[in-house]
Structure formats: structure tokens, C-alpha cells
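Read the structure below first, then the notes.
Bear in mind that the values in this text are calculations on the coordinates, not laboratory data. Because the structure is predicted, anything quoted here is derived from the model rather than measured. Here the Cβ is made from the backbone with ideal geometry for all residues, glycine too, and neighbour counts use every protein chain on show.
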Amino acid sequence: MSSLQAAAVAHPNIALVKYWGKRDATNNRPAVPSISVTLSSLYTYSRVRFDPNLESDSFAIGGHRDAQTAIRVSACLDTIRARAGRDEFAYVETRNNFPTGAGLASSASGFAALVVAANRALRLDLPPADLSRIARRSSGSAARSLYGGFVEMPLDNEEETAYPLLDAEQWPLAIVIAVTATGAKDVGSTEGMERTTRTSDYYQAWLEAATADFATARDAILNQDFRELARVSERSCLKMHGLMLSTDPGLIYWNEASVACLHRIRMLRKDGVEVFFTMDAGPQVKAVCPPAYRQIVAEALGSIPGVTDVLQCRLGAGARVVEGAS
Ligand code: DP6
């Protein structure tokens, strides 16, 4: 049999309506629905090769071993192996062209690329919704990186999967990322969510409001209503960070430069620039704007002390196999 290998790329996605909290931690089912945009420019490349001579999976990211992620990678491959009725272990080589584990959604692009590459390597041909569901079990946000443009993940009585909501070409927004630190975060999303669920007095209120935010953002995207999307996205982001802060002990993912960026983005908006912010479980600030404002926003954020880099993205494509990659 020809070798069981394939490579894929996937882009990180940034949630506009945030996922924070699980209703079923064992199967990694989210407690709230979410909506995201998939980015261009940043990507994870993942190459998977199943080998009958291997005695366990072998995983490297950027040429380095990472024992903790390796466990999650193997669990994900187990699901795919089971679906294919195969038992070979695999070599997995992954690299990111952006900082890993620093709030730039590397687990989202990482697991999306992994499932797409493994699916092709084992000639499984699973439909995207199945791949999205499998990716979600490894990392909730990864489900959304299967698709490009605007993506939604509603709650589902069976098992959550993501769906495309609006193509990138139909509403080609830009995303400007202010990098304010590149080290890995202290508390990862999975652990942070678990702590929040257990200790935050605000968690119930967060759950109750989530469906309405999801519906509002969904309509705003389908109507291409930037102002409404800005309002609901900033609100969802700030509520999630309120929830993080109300966790015991409080999760503070912001640094001084992050806060300065948030204020700067609000000032730009006052001056007539169409832009809004969002942040995840890390200190980077993501500004979303129509492409015409991208340069103004990038210059404004780049001039803030503590901003070490400014990355400019458009909306990107979904995870895909890369043919002939080595
Ligand atoms: C803040 O998908 O990283 O980025 O499912 O535990 O792997 P796990 O969490 P993860 O959480 C992402 C949280 C977030 C918001 C979002 O992307 O919706």
C-alpha cells in the first residue's frame, strides 16, 4: 500500500461571540454557542504519516517535542483511527508561523490541520461537519477553523459541530493584531474554563445571555451591519473577560499594552474609524475593521508602547490538504 501520509494547513480563528465554559468536559462540548472569523496569513502546517512500525505516536511542534500536547494529539488520532478501522501510530510534525499558546488560537488551527491531514492520510473522506466535530473534541475553537470566512457553532442536542455562516468574499473585513507579549500564557483555556465554571458567581448569567448574543451577531453578519457587529462583539469579549476576572483566583489575561490598545480602538471609533476590538485568553488585541481602515488602525496600535508587533490579516479560507508538501 502507498504510504499513509498527508499534509494540511489551517488558519486560526478569532471568536466574535465567545466560547468560554463546557457543558460536558469529557466530550468537550461547549456551554455556549459561538461565532468566529477565520484569519488569513497566520497558519499551522501539519504533516501526518501513519507507520505500521511505530510503537506510539510521535509528535513535534516547530521541531520540538511537547508531551502535553502529544497526549491531546494522540487522543484526536485515536478517534480518526477508530473511524478508519486502523491501528497504525503516526508521526505528526507541526509548525506555526506565529507564537504558540499565547492567545492567538494555535490550538484551533493545530487541531483543524491535524484532522484534515489525518483524514486524507487514512483515505477516510469524512465530510467537513464530521471533521469539525472531531476537532471540537480536542479543542472547542478548532471546530470553527475547518471553515473560512464567518463561522458559527450553535449548541446542538447531539454533538456540536461548526458551520460556515458567510463567505469571506461577501464581507471581506480585515483583522489587525497587536502583539503585546509572545510567551505562552500562564493558564490555558481548558484549565481557565474549568476554574471559571467551578468558582465564578457570574457564570450562570453568562450562560443565560449567550443565546441572545449569538443571535444578534448572526443577524449582524448576515445583514453586514458593522455597527451592530461591533457592539455585540465587544460586549461578548468584555463579558468573557469579566467572567475570567470573577474566577477565583481571578484570570487576568491583559497587560498594560492590551488595555491601552482597547482605549485606542475606542478613540479611533469616536473619530469616525469603523473598528472594534476583541481579545481571547491572552494579551494580544485583535481589531476588526473594513479593509479601508486597516492601515490607520495598524499605525495607531503600532505606536502604543508595549506593542511589539502588528500583524495584518484578511479573512482566510478553511482547513485544507496541501498536495505534494514535504
Ligand atoms: C477564549 O478552544 O482553546 O479563545 O476547548 O478547552 O481547547 P478548549 O478551549 P479553546 O478555547 C477558546 C476560548 C477563547 C474563545 C473562543 O475562541 O471562542
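With a 10 Å Cβ neighbour count serving as the proxy for reagent exposure, in which order, fewest first, do Ile35, Ile71, Ile177 appear? Let's see the in-between values first.
On the way: Ile35 30, Ile71 12, Ile177 26.
In increasing order of surrounding Cβ atoms, one gets Ile71, Ile177, Ile35.
Note on the chain: Lys pairs 8 or more places apart or on different chains, Cα atoms under 22 Å apart, count 10.
Using a simple charge model, +1 on the beta-carbon of Lys and Arg, -1 on the beta-carbon of Asp and Glu, nothing else, what dipole does the chain show about its Cα centre, in debye to the nearest 20? Don't skip to the answer; put the middle values down first.
Numbers: 34 positive and 36 negative charges, 60 e Å.
Dipole about the Cα centre, nearest 20: 280 debye.
With contributions of -39500 (n - 2.57) from each DSSP H run of at least four residues, the per-residue ellipticity at 222 nm computed over the chain stands at -12000 deg cm²/dmol. Based on alpha-carbon atoms, the Kirkwood radius and the radius of gyration of the chain give Rg/Rh equal to 0.96.
Over region 116-196, the pair-distance histogram of Cα-Cα distances with 10 Å bins from zero comes to 15, 33, 36, 15, 0 percent, rounded to whole numbers. Overall form of region 59-186: oblate. Here a/c, set by the Cα gyration tensor axes a ≥ b ≥ c, is 1.5 or more, and a/b is not larger than b/c. One Cα centroid belongs to region 212-256, the other to region 1-76; the line between them spans 25 Å.
I want the local charge near Pro290. Using Cβ-Cβ distances under 13 Å, sum +1 for each Lys or Arg and -1 for each Asp or Glu among the other residues. Write down the numbers at each step before the final one.
Details: positive: Arg227, Arg269, Arg294, Arg314; negative: Asp225, Glu274.
Local net charge: +2.
Between Val285 and Ala178, Thr180, the built amide H atoms are under 5 Å apart, and every one of these is 5 or more places off in sequence or on another chain. What does the C-alpha gyration tensor say about the overall shape of region 211-309? Classify as rounded when a/c is under 1.5, otherwise prolate if a/b is larger than b/c, or oblate. It comes out oblate by the Cα gyration axes.
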